[in-house]
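A.B. asks: Sending over a structure as structure tokens; questions will come in a sec.
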Amino acid sequence: MNPFQFDIRNLPVDGKQVTGTLPPSFFQLPETDLLKADTPLAYDLNIIRDDDDIIINGSVNVTFSLECGRCLERFQIQLDMSDYSAEQAIEKETTIDLTDLIREDILLALPNFPRCEDGNVDPRDCPAEGRFQVTESSLTQEMPEAQDGVWNALDQLK
Ligand SMILES: [Zn+2]
């Protein structure tokens, strides 16, 4: 049963409360995708009609794992949206499904370019942070030595 799908005509005037959890498959993320829902979605939402709109208010909570675009390691982000709100225009006085709206709102709260620093479950510095600067300076310093090493090795081969 889909808690976000209901007949508008049956919606009480003072709204209804939907509370529960939905499995990670709610997000319909591809198996191979870099983004994964690690926990069920916990939701506690009030759904009420306001003229020609359906208004949703409440909280949603779910933890995702993502791949850092810099170091390619996985990290987790817990989205704890305690003041989530959304609205959807009523087009027909019939069944309405808020699933896509809620799914997209949650996914849009995730960073476009995920980095370790965005993680809030097990915070850490990105191991690749500043690697380029380090590599450049250590390159110029270590080059002669490295070349010596190569030449020495070649000398020993003769
Ligand atoms: Zn990283």
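Coordinate-derived values only; no laboratory data. Nothing here was measured: the structure is a model prediction, and the numbers come from that model. Every residue, glycine among them, receives a Cβ derived from its backbone with ideal geometry; neighbour counts consider all protein chains shown.
A.B. asks: Going through Arg74, Arg70, Arg9 one at a time, which residue ends up being surrounded by 15 or more Cβ atoms within 10 Å (Cβ to Cβ), in contact (Cβ under 8 Å) with a residue 40 or more places away in the chain and among the charged types (D, E, K, R)?
C.D. replies: Being surrounded by 15 or more Cβ atoms within 10 Å (Cβ to Cβ), in contact (Cβ under 8 Å) with a residue 40 or more places away in the chain and among the charged types (D, E, K, R) holds for just one of Arg74, Arg70, Arg9, which is Arg70.
A.B. asks: Then there's this: From the set of residues in the stretch 67-116 that are charged (D, E, K, R) and within 16 Å of the ligand (Cβ to nearest atom), which is farthest from Asp38 (Cα to Cα)?
C.D. replies: That would be Arg70.
A.B. asks: Can you tell me which of (1) of a type outside the set (Lys, Arg); (2) assigned to a strand (DSSP E or B); (3) more than 15 Å from the chain's Cα centre (by Cα) is the one Asn61 doesn't meet?
C.D. replies: Asn61 satisfies all of (1) of a type outside the set (Lys, Arg); (2) assigned to a strand (DSSP E or B); (3) more than 15 Å from the chain's Cα centre (by Cα) except (3).
A.B. asks: Would you mention how many residues in the stretch 96-122 are loosely packed, with under 15 Cβ neighbours inside 10 Å, farther than 18 Å from Ser82 by Cβ and not polar (S, T, N, Q)?
C.D. replies: Selection size over the stretch 96-122: 6.
A.B. asks: Restrict the check to the stretch 1-20 and report whether at least one residue is within 20 Å of Val121 (Cβ to Cβ) and under 24 Å from the mean Cα position of the chain (by Cα).
C.D. replies: Scanning the stretch 1-20 turns up no residue that is within 20 Å of Val121 (Cβ to Cβ) and under 24 Å from the mean Cα position of the chain (by Cα).
A.B. asks: Follow-up question, since we're still on this one. What tally of residues in the stretch 75-101 results from selecting those that are touching a strand residue (DSSP E or B) at 6+ places or on another chain (Cβ under 7 Å) and part of a helix (DSSP H, G or I)?
C.D. replies: Here the count works out to 2.
A.B. asks: So, in the stretch 102-132, how many residues would count as being farther than 28 Å from Leu22 by Cα and assigned to a helix (DSSP H, G or I)?
C.D. replies: Qualifying residue count for the region: 2.
A.B. asks: Filtering the stretch 23-41 down to residues that are touching a Ser or Thr at 6+ places or on another chain (Cβ under 9 Å) and closer than 30 Å to Lys92 by Cβ, which residue is surrounded by the most Cβ atoms within 10 Å (Cβ to Cβ)?
C.D. replies: The extreme case among them is Leu41.
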